[in-house]
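Presented below is the structure to which this report refers.
The values are calculated or read from the model by the stated rules, or taken from the named source; none is laboratory data. Quick caveat, the model's predicted, so the values are computed rather than measured. FYI the Cβ positions are ideal-geometry reconstructions off the backbone, even for glycines, and counts take in every protein chain you see.
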Amino acid sequence: MSHQEPTKQNDDLKYNMRDMVVDSTSVSWVDGINGRLFYRGINIAELAAHATFEETAWLLLTGKLPTKSRLDSFQWGLSNMSHSQEKVIRIIEEFPQYSNPLLVLQTCLASLACIDREDEYFEEENYIEKVMRIISQTPVILSAAYRHYLGVPLLEPRSDLPFIENFIYMLFGKIPTKNQTRCMEIALIIQMDHGFNPSTFTARTVASTLANFYSATSAAVGALSGSLHGGASVLTLEMLEKAKQSGNVSVFVQNLLQSGGKIMGMGHRVYKTVDPRAIIFKDLLTQLTAKEEKTSDLKILNQIEEEARKYFKEKMLPIYVNVDFWSGSVYKKLGIHPVLYSAIFAAARMVGWCSHILELRQNNRVYSPLSNYNGEINIPYIPIEQR
Ligand code: COA
């Protein structure tokens, strides 16, 4: 590659990381035109209908659906690695009570890189065990952080429970019903991976330096914590409440759009049609909503979508509902506090991040992009007394 002297004209180039292919992956494919999402080639709609959390995780991590015996040992491993680590719990308890569970997760993952000394001895054949430990520790840390946030006693994980039941049990201290478990499982399955979103790209960038798995996943959580990545589900709920209080949803939507406001949970960088995950979340909300509920979230959100779509259609804008449009209302029905919405997303996405790190480890090249330098050069150094 030839290197040119920087010129101000280069500044006209619109360099950024949007719409740029930076590497190949076979972990997931987002078909933004037709509104489809595939994990290792399998449509997520099929996985949401038939697969378990553990089956889907194994598929993403290794590229293949597990056999019965592999699945059994993977489930057993995840459950048995979910004990709470005393040092991590002590770290959590030292944080101010108001600490956001997602940020606590970021810090605890980074701490585990120091605590988990076995990291030094992990060879390639043990990578899967390493990622299992990270995936199983994530709900343990998040639920401890959540209970610390609420100011209630922390709970020990139960290794006799499968992954999802154990997660819900650790959050609320109650064994969930079959229906609650399956709703949470589907929510996690459909958010496990999504191409090179910013947090996945972050995980890959850090992992590409051969930094350890904890550092890469901790950095990914940091990327997810930004309001432009996680967080729209909470904003959608806030918008929904305002729409309910306005007494006239259609006027509320018109006023919002005409004053240049955004409908939260609509629009997407990649999908130019309905986000397939939104369809599944809407199904979950429909199942969880009693028919007799008069001003249900489902009903109001339907009205918001309908009204907004009329507006976008007129303006010929391909803006449709995304994953965050219905998800907050589903979590609300499951009794989950809004402070946990992004944290649940992280528990799901941890599988995707780990899958990408494993993929990268197979043929690693350090990510080291070029930048467009738009400053001056050859400026003389001025001694301090002359400045
Ligand atoms: N409500 C109203 N207008 C919207 C909109 C929304 N939800 N999403 C996009 N638009 C408008 C933009 O304001 C822009 O209009 P302009 O050209 O007059 O400025 C136009 O549509 C194109 O939008 P743009 O921001 O370029 O699209 P994008 O693909 O870069 O952005 C999002 C995608 C997700 C950032 C954007 O749709 C958004 O902010 N949505 C709401 C937040 C949200 O749901 N985030 C979760 C995403 S998973």
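Here are some notes:
- Residue among Val253, Val249 that is outside the structural domain of Leu37 (by TED's automatic domain parsing), over 21 Å from the mean Cα position of the chain (by Cα) and crowded, with 22+ Cβ neighbours inside 10 Å: Val253
- The test for being of a type outside the set (Ser, Thr, Tyr), at pLDDT below 95, within 27 Å of Phe325 (Cβ to Cβ) and in the same structural domain as Leu102 (by TED's automatic domain parsing) holds for Asn197.
- Looking at Leu71, Leu109, Leu65, Leu78, just one residue is of a type in the set (A, V, I, L, M, F, W, C), surrounded by 15 or more Cβ atoms within 10 Å (Cβ to Cβ) and closer than 27 Å to Gly231 by Cα, and that residue is Leu109.
- Top-ranked residue in segment 231-246 [being more than 9 Å from the ligand (Cβ to nearest atom) and within 20 Å of Ala347 (Cβ to Cβ); ranked as surrounded by the fewest Cβ atoms within 10 Å (Cβ to Cβ)]: Val234
- Extreme residue, nearest to Gly328 (Cα to Cα), among residues of segment 260-277 that are more than 8 Å from the ligand (Cβ to nearest atom) and crowded, with 21+ Cβ neighbours inside 10 Å: Arg277
- Within segment 260-271, residues that are assigned to a loop (DSSP other than H, G, I, E, B) reach partners that are among the small types (Gly, Ala, Ser) and within 6 Å of the ligand (Cβ to nearest atom) with beta carbons closer than 7 Å, at six or more positions or on different chains, in the pairs Met264/Ala232; Gly265/Ala232.
- Residue list for segment 74-109, filter: at pLDDT below 95 and either small (Gly, Ala, Ser) or not assigned by TED's automatic domain parsing to the domain that holds Glu55 (or both): Gly77, Ser79, Ser82, Ser84
- Restricting segment 288-336 to residues that are buried (at least 19 other Cβ atoms within 10 Å of the Cβ) and among the acidic types (Asp, Glu), the residue that is nearest to the ligand (Cβ to nearest atom): Asp324
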